[in-house]
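> Here you go, one structure.
The values are calculated or read from the model by the stated rules, or taken from the named source; none is laboratory data. Keep in mind that this is a model prediction, so the values were computed, not measured. Cβ coordinates were reconstructed from backbone atoms using ideal geometry, including for glycine residues, and neighbour counts include every protein chain displayed.
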Amino acid sequence: MALFPLLLFLWFFPVVSFSSRVAIVTVVFFIVVGSILFSWRAVALRWSLIGFYVLTTFFVLFPSHPGSGRFELRTLYSDVLASYSGCPYVWGGEGRLGMDCSGLVRRGLQDALIEYGFRTWNPYWIRKGISIWWHDTTAQGLGSGYGGRTREVMTCRTLNDVDYTSLMPGDLAVTTSGIHVMAYLGNKIWIGADPGEMRVTRFVIPEENNSYFSVPMKIMRWKILEDNG
């Protein structure tokens, strides 16, 4: 039973690393095995648990294709990102108790993909969400393709004068220096975990006070959110 508080601590602790991800997977494995062993003498409960775990695993791993629905997924991603407004800034954070800039845009996509997968009963999206959770990266990594997950759309002198007709909700803006990333919500609104504001903040164009809106940017797009992605 002590494993459940440990799992909750690992899941909600804002700073996430490769080690903590491995720890979460390990704890979940021992909880699954332990629950079966604990209920071994209760035959009905034992087989119910085994059946639940097998069916869940089968569902997540079942071969499937993405299908359509990118517009709905982009909208969901924007909504999830907006729901993190006001969360405190924590370097290395990926949760509501603390976010950094890359953690925000990745956690938002992870949540949107998994939720969309359950909404549509399509495990393809759930697997993609789990993959985003497992593979950490930085703002610089997002601006360099993130292992083929993002692609460059354009560069701009500043976000105040970029061609907004060419942007889609969910697009990312990465400083050319690779130190910061923000996400586009649509309607000339950006969101980012801002180290100056020390929280997740939305910005409306034109933005004259935040320094990240006066520096060159690379506009990156999640390939999975593209209509042909």
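> Which of the residues belonging to segment 91-133 are basic (Lys, Arg) and in a helix (DSSP H, G or I)?
Selection gives Arg106, Arg107, Arg119, Arg127, Lys128.
> Quickly run through segment 93-105 and pick out the residues that are among the small types (Gly, Ala, Ser), in contact with a helix residue (DSSP H, G or I) (Cβ under 8 Å, 6 or more places away or on another chain) and modelled with pLDDT of 95 or more.
Across segment 93-105, the qualifying residues are Gly93, Ser102.
> May I ask you to list the residues in segment 1-32 that are of a type in the set (Gly, Ala, Ser) and either modelled with pLDDT under 90 or surrounded by 11 or more Cβ atoms within 10 Å (Cβ to Cβ) (or both)? Reasoning before the result, please.
Applying the first criterion (of a type in the set (Gly, Ala, Ser)) to segment 1-32 yields 2, 17, 19-20, 23.
Within segment 1-32, Ala2, Ser17, Ser20, Ala23 meet the criteria.
This table checks each residue for (1) without any contact (Cβ under 8 Å) to a residue 40 or more places away in the chain; (2) over 18 Å from Ser78 (Cβ atoms); (3) surrounded by 17 or more Cβ atoms within 10 Å (Cβ to Cβ); (4) assigned by TED's automatic domain parsing to the domain that holds Thr137.
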site: Met154; (1), (2), (3), (4): no, yes, no, yes
site: Leu159; (1), (2), (3), (4): no, no, yes, yes
site: Pro169; (1), (2), (3), (4): no, no, yes, yes
site: Thr176; (1), (2), (3), (4): no, yes, no, yes
site: Val200; (1), (2), (3), (4): no, no, yes, yes
site: Phe203; (1), (2), (3), (4): yes, no, yes, yes
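A quick yes/no check of all residues on (1) within 30 Å of Thr201 (Cβ to Cβ); (2) surrounded by 15 or more Cβ atoms within 10 Å (Cβ to Cβ):
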site: Arg46; (1), (2): no, yes
site: Leu55; (1), (2): no, no
site: Phe62; (1), (2): no, no
site: Phe71; (1), (2): yes, no
site: Gly86; (1), (2): yes, no
site: Tyr89; (1), (2): yes, yes
site: Gly93; (1), (2): yes, yes
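> With touching a residue at least 24 places away in the same chain (Cβ under 8 Å), among the β-branched types (Val, Ile, Thr) and not assigned by TED's automatic domain parsing to the domain that holds Arg199 as the only criterion, which of Val54, Val16 stands out?
Val16 is the lone residue from the list that is touching a residue at least 24 places away in the same chain (Cβ under 8 Å), among the β-branched types (Val, Ile, Thr) and not assigned by TED's automatic domain parsing to the domain that holds Arg199.
> In segment 63-90, how many residues are within 30 Å of Ile189 (Cβ to Cβ), touching a Pro at 6+ places or on another chain (Cβ under 7 Å) and either part of a loop (DSSP other than H, G, I, E, B) or not assigned by TED's automatic domain parsing to the domain that holds Tyr116 (or both)?
Of the residues in segment 63-90, 1 are within 30 Å of Ile189 (Cβ to Cβ), touching a Pro at 6+ places or on another chain (Cβ under 7 Å) and either part of a loop (DSSP other than H, G, I, E, B) or not assigned by TED's automatic domain parsing to the domain that holds Tyr116 (or both).
> Hey, another quick one. Spot the failing condition for Thr138; the list is (1) free of Cβ contacts under 8 Å to residues at least 24 places away in the same chain; (2) polar (S, T, N, Q); (3) on the phi < 0 side of the Ramachandran plot, and only one is missed.
(1)
> Also, I was wondering about something else. Return the residues of segment 32-62 that are part of a helix (DSSP H, G or I) and touching a Lys or Arg at 6+ places or on another chain (Cβ under 7 Å); say none if nothing qualifies.
Ile36, Val60 - these are the residues of segment 32-62 that are part of a helix (DSSP H, G or I) and touching a Lys or Arg at 6+ places or on another chain (Cβ under 7 Å).
> Next question. In the set Thr120, Thr201, which member is at pLDDT 95 or above and either touching an Asp or Glu at 6+ places or on another chain (Cβ under 7 Å) or hydroxyl-bearing (Ser, Thr, Tyr) (or both)?
Thr201
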